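So the structure is just underneath, and the comments pick up after that.
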Amino acid sequence: MTPPHLPGQPQLAYRNNQLWLEDVRLANLAQEYGTPLFVYSRAAMLAALAAYQRGLQGRKALICYAMKANSSLAVLQVFARAGCGFDIVSGGELQRVLAAGGDVKKVIFSGVGKTRQEMQQALIAGIACFNVESEQELEVLNEVAVTLGARAPVSIRVNPNVDPKTHPYISTGLKGSKFGIAHERTVATYQRAAQLKGLRVVGIDCHIGSQITQALPYLDAVDRMLDLVQEIEAAGVPLEHLDFGGGLGIDYNGDQPPAADALWTRLLAKLDARGFGQRQIMIEPGRSLVGNAGVCLTQVLYLKPGEAKNFCIVDAAMNDLPRPAMYQAFHQIVPLSCTAPPVHSTTWEVVGPVCESGDWIGHERELAVQQGDVLAVLSAGAYCMSMASNYNTRGRAAEILVDGDCTFVVRARESAQDCFALERLLPG
Ligand code: LLP
């Protein structure tokens with residue numbers, strides 16, 4: 001059987017017909033730790049990071065990993081040790097950065113609904129910047145900072161009204177999106193921010209969407225941002241840093257996003273041409289750093305061939321892998337072994353055990369499978385475990401990080417008791 005095409009980094013490969021991640025045979029992990037099981041490659045994460053580092057070499061730049069993509073402490077450790085900062089969206093994420101030994105001075109705080117308590121927590125911790133998303137938020141942040149006798153470093157997230165040409169649920173920079181401040185209100189908002197005693201304006205920020213597979217929306221966003229920077233500075237508010245957000249896509253199904261280094265070479269040429277090449281640059285990549293560094297191993301529980309459809313029921317479900325149900329997302333599903341199977345390949349609907357028709361992992365997949373086989377769901381490093389739930393009282397999967405031939409259990413499998421540990425019975 002010809003091995004299927006594997007997206008992403010070379011750390012995931014068939015060797016002697018067996019699927020390996022770095023120097024670990026995935027079938028061994030499934031056997032030892034059970035399924036569903038997330039497995040991440042440290043080398044693949046660092047290789048993805050290196051592409052950004054090459055693209056930004058020689059510039060004043062800070063890569064703030066958007067940890068919502070995968071906030072497991074061990075993953076954060078990998079990026080913290082490699083010098084990254086973090087883009088957080090909650091007080092909880094800030095606590096994770098601290099728990100993983102990240103540098104709080106390299107943390108930026110995004111999100112449309114920061115609470116006073118979260119602002120206070122982040123100000124006391126001493127983060128690098130609040131990316132403010134509304135005029136009211138600006139006023140509240142000022143009040144919180146004044147009460148603490150502090151000055152909050154702020155950047156305003158502008159909505160550049162650029163179409164990232166991606167799924168509507170993950171496109172964020174268009175008019176009518178809840179994110180950022182409208183282009184037309186930007187200069188006035190900066191002028192207001194500059195007058196507030198509890199604030200220190202440090203930058204400007206945008207993020208246009210996620211799983212972007214073309215360079216053009218980025219080039220447009222850079223142009224629009226730089227136009228705004230000129231207007232804001234002409235109005236008397238200087239900006240130290242320019243934050244271009246995240247959003248770069250990965251290969252799920254033959255997608256061909258630009259490589260991070262190639263993209264940044266083009267973006268920097270634009271910044272240079274417009275005289276902004278020496279500014280401090282910040283970026284907030286999430287998916288492109290971790291997405292293709294992870295797989296989810298899942299075992300085939302039952303095969304149920306039928307007249308209309310054939311169902312391959314696996315032990316991972318929408319609570320583990322929510323992206324297909326939420327965004328009709330495609331994840332490749334491949335066997336752990338591609339020695340000639342004793343069965344013919346058939347078209348399967350790969351579905352989970354959750355009681356919902358929307359609980360599918362892959363439609364119409366050509367697979368030669370038998371009951372008990374283990375499959376790998378690919379590109380599962382981003383927005384899978386971090387979005388996993390306990391729906392149907394299913395404990396969340398365990399997570400393994402591999403480094404060469406070493407295996408680390410970085411999160412234990414949740415038990416049913418863990419799922420209801422915080423619940424209390426009624427008295428009597
Ligand atoms: N910065 C901000 C302000 C963001 O909102 C996001 C993602 C990022 C950075 C990182 O974007 P990335 O580089 O990962 O594309 N759950 C969806 C994706 C939601 C993205 C939300 N914001 C999915 O599974 O496709």
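The values are calculated or read from the model by the stated rules, or taken from the named source; none is laboratory data. In this text the structure is predicted, and so the values were computed from the model without any measurement. A quick note on method: Cβ atoms are made from the backbone with ideal geometry, for glycine too, and the neighbour counts reach across all protein chains shown. We work out accessible area using only protein heavy atoms, side chains counted, and drop any ligands, DNA or RNA first. Shrake-Rupley method; radii C 1.70, N 1.55, O 1.52, S 1.80 Å.
Pairing residues of segment 280-292 that are open to solvent by less than 10 Å² (accessible area, probe 1.4 Å) with residues that are polar (S, T, N, Q) and more than 8 Å from the ligand (Cβ to nearest atom), at Cβ distances under 6 Å and at least 6 apart in sequence or on separate chains, gives V290/N70; G291/S379. Does S379 meet the test of being among the small types (G, A, S), in the same structural domain as A30 (by TED's automatic domain parsing) and surrounded by fewer than 21 Cβ atoms within 10 Å (Cβ to Cβ)? No; evaluated as a whole, the condition is false for this residue.
Considering only residues in segment 39-55 that are away from the ligand (no atom under 15 Å from the Cβ) and in contact with a strand residue (DSSP E or B) (Cβ under 8 Å, 6 or more places away or on another chain), the one that is nearest to A122 (Cα to Cα) turns out to be Q53.
With respect to R151, is the statement that it is charged (D, E, K, R), open to solvent by 10 Å² or more (accessible area, probe 1.4 Å), in the same structural domain as Y190 (by TED's automatic domain parsing) and away from the ligand (no atom under 14 Å from the Cβ) true? It would help to see each step written out before you state the result.
Details: charged (D, E, K, R): yes; open to solvent by 10 Å² or more (accessible area, probe 1.4 Å): yes; in the same structural domain as Y190 (by TED's automatic domain parsing): yes; away from the ligand (no atom under 14 Å from the Cβ): yes.
The answer is yes for R151.
Please give the strands (runs of 3 or more DSSP E) falling wholly within segment 28-133 in which 3 or more residues are at pLDDT 95 or above and more than 21 Å from T407 (Cβ to Cβ).
Working: elements: 37-41, 61-66, 85-88, 107-109, 129-132.
Because the criterion is at least 3 residues that are at pLDDT 95 or above and more than 21 Å from T407 (Cβ to Cβ), the strands (runs of 3 or more DSSP E) in segment 28-133 that meet it are 61-66, 85-88, 107-109, 129-132.
Going through segment 111-141 one residue at a time, which ones are in contact (Cβ under 8 Å) with a residue 40 or more places away in the chain and either open to solvent by 20 Å² or more (accessible area, probe 1.4 Å) or not assigned by TED's automatic domain parsing to the domain that holds E233 (or both)? Break it down into steps so the answer makes sense when it comes.
So the first thing to find is which residues in segment 111-141 are in contact (Cβ under 8 Å) with a residue 40 or more places away in the chain, and the list is 112, 128-129, 131-135, 138-139, 141.
Those that are in contact (Cβ under 8 Å) with a residue 40 or more places away in the chain and either open to solvent by 20 Å² or more (accessible area, probe 1.4 Å) or not assigned by TED's automatic domain parsing to the domain that holds E233 (or both): V112, A128, S134, E135, E139.
Here is a yes/no grid of residues against (1) assigned to a helix (DSSP H, G or I); (2) modelled with pLDDT under 95; (3) within 14 Å of the ligand (Cβ to nearest atom); (4) of a type in the set (G, A, S):
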site: A221; (1), (2), (3), (4): yes, yes, yes, yes
site: R224; (1), (2), (3), (4): yes, yes, no, no
site: V229; (1), (2), (3), (4): yes, no, no, no
site: I232; (1), (2), (3), (4): yes, no, no, no
site: L239; (1), (2), (3), (4): no, no, no, no
site: G245; (1), (2), (3), (4): no, no, yes, yes
site: P258; (1), (2), (3), (4): no, no, yes, no
site: L263; (1), (2), (3), (4): yes, no, yes, no
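Criterion first (more than 23 Å from the chain's Cα centre (by Cα) and either free of Cβ contacts under 8 Å to residues at least 60 places away in the same chain or buried (at least 24 other Cβ atoms within 10 Å of the Cβ) (or both)) does E356 satisfy it? Yes: the conditions hold for E356. In contact with a helix residue (DSSP H, G or I) (Cβ under 6 Å, 6 or more places away or on another chain) and away from the ligand (no atom under 16 Å from the Cβ): is that true of V374 in this structure? Against the criterion (in contact with a helix residue (DSSP H, G or I) (Cβ under 6 Å, 6 or more places away or on another chain) and away from the ligand (no atom under 16 Å from the Cβ)), V374 qualifies. Among the residues in segment 326-339, are any touching a residue at least 12 places away in the same chain (Cβ under 8 Å), assigned to a strand (DSSP E or B) and within 16 Å of the ligand (Cβ to nearest atom)? No; the residues of segment 326-339 include none that is touching a residue at least 12 places away in the same chain (Cβ under 8 Å), assigned to a strand (DSSP E or B) and within 16 Å of the ligand (Cβ to nearest atom).
Taking only segment 194-214 into account, find how many residues are within 15 Å of the ligand (Cβ to nearest atom) and free of Cβ contacts under 8 Å to residues at least 60 places away in the same chain. Working first, answer last.
Within segment 194-214, the subset within 15 Å of the ligand (Cβ to nearest atom) is 203-214.
Next, only the ones that are free of Cβ contacts under 8 Å to residues at least 60 places away in the same chain stay: 204, 206, 208-209, 212-214.
Number of matching residues: 7.
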